[in-house]
Amino acid sequence: MSDLFEGSDLPTAAPARAHQPLADRLRPKVLDELVGQDHLLGPDTPLGRMFARGQLGSIILWGPPGTGKTTLARLLAGRLGQPLTALSAVMSGVADLRKVYEEAKARRRTGQATLLFIDEIHRFNRAQQDGLLAQVEDGTVTLVGATTENPSFALTGALLSRCQVLVLNRLDPEALEVLIARAETALGHALPLDAEARARLIELADGDGRYLLNMVENLADLPAEPKLDPATLAHVLQRRMPLYDRQQEAHYNLISALHKSVRGSDPDAALYWLARMLQGGEDPRYIARRLVRMASEDVGLADPHALPLAIAASQAYEQLGSPEGELALAECALHLALAPKSNAAYRAFGAAMAAAQASGSLMPPLHIRNAPTRLMRQLGYGQGYAYDHEAPDRFSGQNYFPDGMARPSFYEPTGEGEEAALKRRLETLKELRRGRDPAG
């Protein structure tokens, strides 16, 4: 069993503390010292109501790295005066859980409740998560799980139904500045940074308090003069890669942001999210496929050139690779964002698919069926078919839907871009049809 909080509340000899990471030395001792999560700690919040009745329900703490999930779990146990047993889902298994349950049942007989903290709980597989259900259900343990992954995807529905999900926010600049000030107090001196470098340090932290304090620790032994500017700071600290996982929620969030920026005709936002995905290590081929989708779904026939251009951008990337081919993707994103928008073709196809499913196996009317044999001609196949090229306006107006099926209207073009001409053409055809086909 791994103890995530070993020694955190015990006096530590000076030589040992000298090797203790700054982030651990500055870990808050009371809830009031926790920064950036005020939305969780007020009297009208779920935690506030739990404190008021002196009993904590099972919860899942969901948030980015370095936002205080582990710290909050420890502080909750201290606030309620309950024993806390900590496991890491990376290092623990069913045997560890059984041992915790035995100890919890023994405490329960003496009237003590047990808080079970499981860090990285999304690392438990389905069977391990199911192993928690009965003990959480009957109150043997109160579960506090911590995860950086979206619980909707990472945890089972049965476990989620027994827990309340609390979302921790990435730390904003004000909260990170508080951490820097606390670190400077603990170090006994200010960091050798000018104002711009200090702001850049906060940007580099990217909302992660632990990472910020680790960077501060790297700067702690530098001389007070000269002060570092942003360029010099960049040489001292290695650049941090953006948080991004091509298989998890960030992947879906960022592609959604790119798609909606294109749909919303915001070329600058589209370029920003495209760049974020590329810097995060996303496969450019995936982005290329999604740009093709955007061209057909959101631009459609308002700009018939959009789809060929998206396909060309995808092919250009295949030929050039990175980084040269990424420019073609950027040009495509800009074109799609600035193009007139229409989802009329997308909606029409969806409606046609629904109608096809609902109508079953209705056959085409006889007059438009092919008649390659004498028997088929005798049965009336092809009889009465009007050849449109020989009709006035090259339009016969005859019915092409199954007999007895009311004529639907799937495609309703907008007045955007080149689709405006299609709209006028469709209205003209409707008028001609009403005049030439009694069923039209």
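The values are calculated or read from the model by the stated rules, or taken from the named source; none is laboratory data. Just so it is clear, the structure is predicted and the values come from calculations on it, not from any experiment. Because the Cβ atoms are built from the backbone with ideal geometry, glycine has one as well, and the counts that use them run over all protein chains shown. The area values use the complete protein model at the heavy-atom level, side chains included, leaving out ligands, DNA and RNA. Shrake-Rupley method; radii C 1.70, N 1.55, O 1.52, S 1.80 Å.
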* Structure fact -> The extension gain from residue 127 to residue 256, computed as 0.36 nm times the residue separation minus the Cα-Cα distance, is 43.3 nm
* Asked: Among 359, 265, 296, which one shows the biggest mean-square fluctuation in a GNM of the chain, springs joining Cα atoms closer than 10 Å?
  -> 359
* Structure fact -> Contact order relative to length for the stretch 58-168, counting C-alpha pairs under 8 Å separated by 6 or more residues, stands in percent at 43 percent
* Compute the Kirkwood hydrodynamic radius of the stretch 381-439, taking the inverse of the mean of 1/r over all pairs of distinct Cα atoms, and give it in Å to one decimal. => 13.1 Å
* Structure fact -> Per the charge dipole of the chain (beta-carbon charges, Lys/Arg positive, Asp/Glu negative, Cα centre), the residue among 339, 61, 152 reaching farthest to the positive end is 152
* Based on Cα positions only, what radius of gyration and what Dmax would you give for the stretch 79-161, in angstroms? -> 12.4, 38
* To do: Evaluate E = 1/(1 + (r/R0)^6) for residue 330 and residue 427, where r is the Cβ-Cβ distance and R0 equals 35 Å; express this FRET efficiency to the nearest 0.05.
  => 0.35
* Based on the mean of other beta carbon atoms within 10 Å per residue, what is the order of 310-316, 23-29, most packed first? -> 310-316, 23-29
* **Spin-label pair residue 134/residue 296, simplified geometry with 7 Å Cα→Cβ offset, distance in nm** => 5.1 nm
* Asked: Rounded to the nearest 5, what % of the DSSP beta bridges within the chain are antiparallel ones?
  -> 0 percent
* Net dipole in debye of the stretch 82-189 [+1 Lys, Arg Cβ; -1 Asp, Glu Cβ; about Cα centre; nearest 20] -> 520 debye
* **Largest-first ellipsoid semi-axes for the stretch 134-293, taking √(5λ) over the Cα gyration tensor eigenvalues, angstrom** => 35, 28, 12
* To do: Give me the angle, in degrees from 0 to 90, between the Cα long axis of helix 284-294 and the longest principal axis of the Cα atoms of the chain, rounded to the nearest 10.
  => 50 degrees
* Structure fact -> Rounded to the nearest 10, the angle in degrees between the Cα long axis of helix 419-436 and the longest principal axis of the Cα atoms of the chain comes to 40 degrees
* Roughly how tilted is helix 344-359, in degrees to the nearest 10 and between 0 and 90, from the longest Cα axis of the chain? -> 70 degrees
* Structure fact -> Long-range amide H partners of residue 165, meaning residues 5 or more apart or on another chain whose placed amide H is closer than 5 Å, are 60
* Say the cut-off is 28 Å between C-alpha atoms; which of 69/260; 69/99; 260/430; 69/105 go over it? -> 69/260; 260/430
* **Built amide H within the under 5 Å cut-off of residue 228, gap 5+** => 193, 194
* Structure fact -> Computed curve, the chain, Cα-only Debye sum without solvent term, log₁₀ I(q)/I(0) at 0.12 Å⁻¹, is -1.11
* Most mobile of 340, 83, 323 per a Gaussian network model of the chain (Cα springs, under 10 Å)? -> 323
* Structure fact -> Calc'd 3J(HN,Hα), the stretch 271-282, phi into Karplus 6.51 cos²θ - 1.76 cosθ + 1.60 (θ = phi - 60°), Hz, glycine/Pro = x, comes to 5, 4, 5, 4, 5, 4, 5, 5, 5, x, x, 5
* Please compute the Cα-Cα pair-distance distribution of the stretch 281-440 with 10 Å bins starting at 0, giving whole percents from short to long. => 10, 25, 26, 20, 14, 5, 0
* Asked: Given R₀ = 45 Å, FRET efficiency for residue 266-residue 32 by Cβ-Cβ distance, to 0.05?
  -> 0.65
* Select from 347, 394, 182 the residue whose mean-square fluctuation is largest in a Gaussian network model of the chain (Cα-Cα springs shorter than 10 Å). => 394
* To do: Ignoring everything but the protein chains, give the 1.4 Å probe accessible area of residue 430 in square angstrom, nearest 10.
  => 80 Å²
* Inter-part distance where the stretch 87-102 and the stretch 329-387 are each reduced to a Cα centre, Å -> 59 Å
* Structure fact -> Percent relative contact order for the chain, counting Cα pairs under 8 Å at least six residues apart, stands at 11 percent
* Asked: Can you give me the relative contact order of the stretch 115-207 as a percent, contacts being Cα pairs under 8 Å and 6 or more apart?
  -> 28 percent
* Report, by chain and number, residues whose modeled amide H sits under 5 Å from the one on residue 117, excluding near sequence neighbours (fewer than 5 apart, same chain). => 85, 86, 87, 144
* Asked: Nearest 20 debye, what's the magnitude of the dipole of the chain about its Cα centre given +1 on Lys and Arg Cβ and -1 on Asp and Glu Cβ?
  -> 1700 debye
* To do: Taking 7 Å along the Cα-to-C-beta vector as the label spot, tell me the residue 390-residue 356 distance in nanometres, rounded to one decimal.
  => 3.1 nm
* Structure fact -> What helix-only [θ] at 222 nm does the chain give? Using -39500 (n - 2.57) per DSSP H run of at least 4, over all residues, to the nearest 500, the answer is -14500 deg cm²/dmol
* Asked: Sorted by packing (mean other beta-carbon atoms within 10 Å per residue), highest first, where do 116-127, 275-286 land?
  -> 116-127, 275-286
